[in-house]
Amino acid sequence: MDVVPGVHLVAVASTNLYVLEDDDAVTIVDAGLPRMWDETTEVLRRIGRDWTDVAGFVLTHGHFDHLGILSRAVAEHSVPVWVHPGDRRIVRQPYRYHPGRPRLAYPILHPRSVPHLASMAAAGGLRVRGVEPGPALVDGETVDLPARPTVVFTPGHTDGHCALHVPSRDVVFTGDALVTLDPYSGRTGPRVVGQGGTHDAATARSSLGRIGATGARVVLTGHGQPWSAGAAEAAALAGAADIA
């Protein structure tokens, strides 16, 4: 799905990654689930690219459902990986993170989560391998990669979570700092991911203002449909929504 010119969404099992192209090469934002390899390869082919054109992955954060195709890309194509220092540990060990609330209770408390969590598991969510991260994302800096995303530090979901603002495309990639589908509750609309995935809900809520301040027209999230009514409105709605 082409969400805006030069930005292509790959969505599998309620999980998103994005192929971001410019004239010279490609940046991939997040790395989804293992089953997304073929779909991502097909998007590259459709836009006249291949894996040799991928200049790097930029990770919004290090959870397993944002690392799925990373180990293969690193092993087969030596693609470098940008991540904030606060998430380097979980990029290496993607299942060793500390949620704000026990995850196992969510299918019972929130039955609408079951199809999403089950599909994520079926798409390889239980067998994601970590990688050694590369260059560090720094708040406020522009990453020297195709389309030149600017780092917006948005901790809370994880300690090193970052959104990525691309003014040239008028988009902000919010990862799981702001989603339009919470896999842990099944709720839709702009919101913070439930505490089964979010480490510090209060900090996550306070980070929403930084997303809104980008002024981006289109919000592209880690889970759920693109939001085209502006980052400020999405952040305000997410701030008002309950956190499961």
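The values are calculated or read from the model by the stated rules, or taken from the named source; none is laboratory data. Just so you know, these numbers come straight off a predicted model, no measurement behind them. Cβ coordinates were reconstructed from backbone atoms using ideal geometry, including for glycine residues, and neighbour counts include every protein chain displayed.
When region 124-148 is filtered for residues that are small (Gly, Ala, Ser), crowded, with 17+ Cβ neighbours inside 10 Å and assigned to a loop (DSSP other than H, G, I, E, B), the ones remaining, listed by number, are Gly130, Ala147.
Restricting Gly175, Gly140 to those that are of a type in the set (Gly, Ala, Ser) and in contact (Cβ under 8 Å) with a residue 40 or more places away in the chain reduces the list to Gly175.
Take the conditions modelled with pLDDT of 95 or more and touching a Cys at 6+ places or on another chain (Cβ under 7 Å) and apply them to Thr27. Does it pass?
Details: modelled with pLDDT of 95 or more: yes; touching a Cys at 6+ places or on another chain (Cβ under 7 Å): no.
Against the criterion (modelled with pLDDT of 95 or more and touching a Cys at 6+ places or on another chain (Cβ under 7 Å)), Thr27 does not qualify.
Please state which one of Ala216, Ala177 is under 17 Å from the mean Cα position of the chain (by Cα) and closer than 19 Å to His84 by Cα.
Working: Ala216 fails: closer than 19 Å to His84 by Cα.
Result: Ala177 is the single residue among Ala216, Ala177 that is under 17 Å from the mean Cα position of the chain (by Cα) and closer than 19 Å to His84 by Cα.
Taking region 194-213 as the range and being more than 17 Å from the chain's Cα centre (by Cα) and of a type in the set (S, T, N, Q) as the test, the residues that pass are Thr203, Ser206.
Is there a residue being of a type in the set (Phe, Trp, Tyr) and either surrounded by 24 or more Cβ atoms within 10 Å (Cβ to Cβ) or within 16 Å of Ala241 (Cα to Cα) (or both) anywhere in region 179-199? Yes, there is a match, as at least one residue in region 179-199 is of a type in the set (Phe, Trp, Tyr) and either surrounded by 24 or more Cβ atoms within 10 Å (Cβ to Cβ) or within 16 Å of Ala241 (Cα to Cα) (or both). Within region 92-109, the set of residues being modelled with pLDDT under 75 and among the hydrophobic types (A, V, I, L, M, F, W, C) comprises Leu104, Ala105, Ile108.
Within region 149-168, identify whether any single residue is under 17 Å from the mean Cα position of the chain (by Cα), part of a loop (DSSP other than H, G, I, E, B) and either free of Cβ contacts under 8 Å to residues at least 40 places away in the same chain or surrounded by fewer than 21 Cβ atoms within 10 Å (Cβ to Cβ) (or both), and answer yes or no.
Residues of region 149-168 under 17 Å from the mean Cα position of the chain (by Cα): 149-166.
Right, trim to part of a loop (DSSP other than H, G, I, E, B) and you get 149, 154-161.
From the residues that got through so far, the ones that are either free of Cβ contacts under 8 Å to residues at least 40 places away in the same chain or surrounded by fewer than 21 Cβ atoms within 10 Å (Cβ to Cβ) (or both) too are 159.
Looking through region 149-168, at least one residue is under 17 Å from the mean Cα position of the chain (by Cα), part of a loop (DSSP other than H, G, I, E, B) and either free of Cβ contacts under 8 Å to residues at least 40 places away in the same chain or surrounded by fewer than 21 Cβ atoms within 10 Å (Cβ to Cβ) (or both).
Taking each residue of region 216-229 that is at positive phi and looking for partners that are surrounded by fewer than 24 Cβ atoms within 10 Å (Cβ to Cβ) with beta-carbon atoms closer than 6 Å, six or more apart or interchain, yields Gly224/Thr180; Gly224/Leu181. Scan region 54-85 for residues that are touching a strand residue (DSSP E or B) at 6+ places or on another chain (Cβ under 9 Å) and farther than 17 Å from Gly222 by Cα and jot them down. The answer is Val54, Ala55, Gly56, Ala73, Val74, His77, Val79, Pro80, Val81, Pro85.
With respect to Arg46, determine if the residue is out of contact with any helix residue (DSSP H, G or I) (no Cβ under 7 Å at 6 or more places or on another chain) and either hydrophobic (A, V, I, L, M, F, W, C) or modelled with pLDDT of 95 or more (or both).
On the way: out of contact with any helix residue (DSSP H, G or I) (no Cβ under 7 Å at 6 or more places or on another chain): yes; either hydrophobic (A, V, I, L, M, F, W, C) or modelled with pLDDT of 95 or more (or both): yes.
When the stated conditions are applied, Arg46 passes them.
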